[in-house]
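Just so you know, all these numbers are worked out from the coordinates, no wet-lab data involved. From a predicted model like this one, the values you see are computed outputs, not experimental measurements. Using ideal geometry, Cβ is built from the backbone for each residue, glycine included, and neighbour counts are taken over all protein chains shown.
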Amino acid sequence: MYYELKKGRIGFVAYEELKNDYVMYGFPEHTVEECLGNLYNFRSDIHVSDDLIFVVLDIIYLRDVFGEKDRIALFLQPELCLIVSVKDENERIRNIFETVVKRYDTQAQGLKSTMPEGFLYHFLDKLIVEDRKILENMEFHMSLLEDQMLSERINPSFINDILRWKKELMYIWNYYEQLIDIGEVLKDNENHMFVREGVRRFATFTDRVRRLSDNVRHLKEYTVQLRETHDAMLDYTLNNTMKFFTVITTIFLPLTLIVGWYGMNFQYMPELHWRYGYLGVFIFSVLVVTFTVISFRKYRLL
């Protein structure tokens, strides 16, 4: 599908159409091949020539970070902005394209009054429009988990949640770095393809993505802090447990000594034949335990 603009036109085509028509557009053959290359990494090559900017863009959705990635290719010429759908699960990219088209159609001046770079800016911006709220919700859930941890109500799945968030944030950060690379190339406008207003818009888009990337980096640091706090809480709990058992052992250590002493049963131990020997040892043991407990409480060890 194609739409006429004030200067040039915009189009949305499938990859199969590109393979059949790339010669008509004057696109280099290697750009068609690179649309399917480097499927596992976000960083793709960006080609800039006198009359063409070629970009491959992998797209993820923060509501399902590890879901299927979509992929588009952008072919930008002085009077053409062509978006190629290389991989479009559930036609999400097509829906974004049509949403931006309808947005311009509902404006007073209409779609034909805009420029290709203006349309491209709104298309790219639509890709990240909900990301800020999703990142805020992620931070909110992290803070709730931190509150639970500090109140000693740690969820057994805490470590799994932290590791999952950390992996998701790394994935999102790489995605944003790709968008920043693309935004900077468009902003630099090396081949003077865009008007000043378009360059300003791409600079705004780049700054917006950079703020999102900074937010993701902050959340990554937050996950590290949560993990360290969790480990510190476990160490603190373990130290308190060891301290408790050490105090209990120390309290009953004199009794162990008494048991060992009188358990030797030497023939000439007078207490063994004393009428009040058992009672005396019992009272002495109670006094020793009482004195030890009072001493530990005085020094706040118990």
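Worth pointing out:
- Looking at the range 2-234, the DSSP beta bridges with both ends there are about 80 percent antiparallel.
- THR256-ARG211 FRET efficiency (beta carbon distance; Förster radius 51 Å; 0.05 resolution): 0.20
- Taking the convex hull of Cα positions in the range 246-298, its mean projected area over all directions (nm²): 3.8
- Globularity index of the range 2-234 is 1.17 (Cα radius of gyration / 2.2 N^0.38 Å, N = number of residues).
- Treating each Cα of the range 175-302 as an identical point scatterer and summing with the Debye formula, the log10 of I(q)/I(0) at q = 0.18, 0.19, 0.21 Å⁻¹ comes to -1.01, -1.05, -1.13.
- Dipole magnitude (debye, nearest 20) for the chain, charges at Cβ of Lys, Arg, Asp, Glu: 1720
- Axial C-alpha extent at least 30 Å, average Kyte-Doolittle at least -0.5 - helices from the chain (DSSP): 158-188, 196-262, 277-298
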